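Asker: Dropping the structure in here first, questions after.
The values are calculated or read from the model by the stated rules, or taken from the named source; none is laboratory data. This structure is a prediction, so every number in the text was calculated from the model and none was measured. Every residue, glycine among them, receives a Cβ derived from its backbone with ideal geometry; neighbour counts consider all protein chains shown.
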């Protein structure tokens, strides 16, 4: 497209000016440089250069009365563009951060959601491979959850999940990660933890959930969880460890619930 | 002459310019990759509208996020309005913001500070 050629030439001239250390510290150079960087970040094809063209010409002007007045106007205008767009970017970043938290969070328990946990699992697996150390994961399932829901309604079911989430988090180490995996199931990732150690943590989880505590739940409800634990070796696929943990969880349920079993 | 009508896209605002009434409305986000292509027709339309008769030019903005080149283009637009105002042409800007997004009000106020033509920052629904 022919009209942009002139701008490309100008762009080259501006790049040359910016590269020249002779003008370092010059307010116009500073403003021009910031704006130039912005355009590089924002546009795949730099086409909006009329402002840069004016600024560049102003920078090139001889120091006459008229020129310096025009030059001052240009500098303050460029600074204003940069100042306002900085604020826009900050506002946008703040909003994105909120969105990112919302997107990664389970609305009921406020724990990380399945999507976030899947990403963590992949990251932990990559780390295990890099440092050649295993990690462990635990699938935690609320015992008789369907019964609680059916007998007492979804409101009480939600409260039971919330209380379980709190009890799990209270029993974990600072660097373990617990998220809601789906329905009444939670996933715990235990970095750099071999299976037998992870089983110890899982037993603590069972105890934490079933121990008497202040509760909004009807007295007839005694919460407990069953846990399936699996170690994921540095060269194993996390999906495989998840499947093993799921089988171990099934065994824990079959063996009478409120217990943890290590796979393999 | 002609009206200006652009549908909104993910990176460009909806733009409606009514030739007869002189009302230019923009709403949405503005961070086009090709800012020049997007804004030049808008600025051209404004220039033509200002040059043709005494119809007041009324700009109504419901803009949210803007990238640097959009900020610059809006300043180009306001510069045109300022010049028209200096020549006695009636112009005005009303920038509406959502009460949940006070930052937009701060930014609109920052835009406003160098201009002498009527420029209002208004809370939507107030």
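Asker: Can you tell me which residue within the stretch A:96-116, out of those that are assigned to a helix (DSSP H, G or I) and touching a helix residue (DSSP H, G or I) at 6+ places or on another chain (Cβ under 9 Å), is farthest from the other protein chains (Cβ to nearest Cβ)?
Answerer: First, the residues of the stretch A:96-116 that are assigned to a helix (DSSP H, G or I): A:96-104, A:114-116.
Subset that is touching a helix residue (DSSP H, G or I) at 6+ places or on another chain (Cβ under 9 Å): A:103-104, A:115-116.
Working: A:103: 18, A:104: 22, A:115: 22, A:116: 25 Å.
That would be A:116.
Asker: Looking only at the stretch B:37-51, decide whether some residue is more than 14 Å from the chain's Cα centre (by Cα), surrounded by fewer than 16 Cβ atoms within 10 Å (Cβ to Cβ) and farther than 15 Å from residue B:67 by Cα.
Answerer: yes
Asker: From A:125, A:136, A:85, grab the single residue that is in contact with a helix residue (DSSP H, G or I) (Cβ under 8 Å, 6 or more places away or on another chain), crowded, with 20+ Cβ neighbours inside 10 Å, away from chain B (no Cβ under 14 Å) and in a helix (DSSP H, G or I).
Answerer: Of the residues listed, the single one that is in contact with a helix residue (DSSP H, G or I) (Cβ under 8 Å, 6 or more places away or on another chain), crowded, with 20+ Cβ neighbours inside 10 Å, away from chain B (no Cβ under 14 Å) and in a helix (DSSP H, G or I) is A:125.
Asker: Any chance you could count how many residues in the stretch A:228-237 are at pLDDT below 95 and touching a helix residue (DSSP H, G or I) at 6+ places or on another chain (Cβ under 6 Å)?
Answerer: Total satisfying the criteria: 1.
Asker: Now a separate question. Which residues, counting only those in the stretch B:73-100, are surrounded by 13 or more Cβ atoms within 10 Å (Cβ to Cβ) and not in a helix (DSSP H, G or I)? It would help to see each step written out before you state the result.
Answerer: Keep residues of the stretch B:73-100 that are surrounded by 13 or more Cβ atoms within 10 Å (Cβ to Cβ), which gives B:73-85, B:89-98.
Scanning the stretch B:73-100 gives B:89, B:90, B:91, B:92, B:93, B:94, B:95, B:96, B:97, B:98.
Asker: In the list B:15, B:55, which residue meets the criterion of being modelled with pLDDT under 95, away from chain A (no Cβ under 14 Å) and not in a helix (DSSP H, G or I)?
Answerer: Values: B:15 fails: modelled with pLDDT under 95.
The unique qualifying residue is B:55.
Asker: Hey, does the stretch B:27-48 have a residue that's in contact with a helix residue (DSSP H, G or I) (Cβ under 6 Å, 6 or more places away or on another chain), closer than 19 Å to residue A:81 by Cα and assigned to a strand (DSSP E or B)?
Answerer: Among the residues of the stretch B:27-48, at least one is in contact with a helix residue (DSSP H, G or I) (Cβ under 6 Å, 6 or more places away or on another chain), closer than 19 Å to residue A:81 by Cα and assigned to a strand (DSSP E or B), which makes the answer yes.
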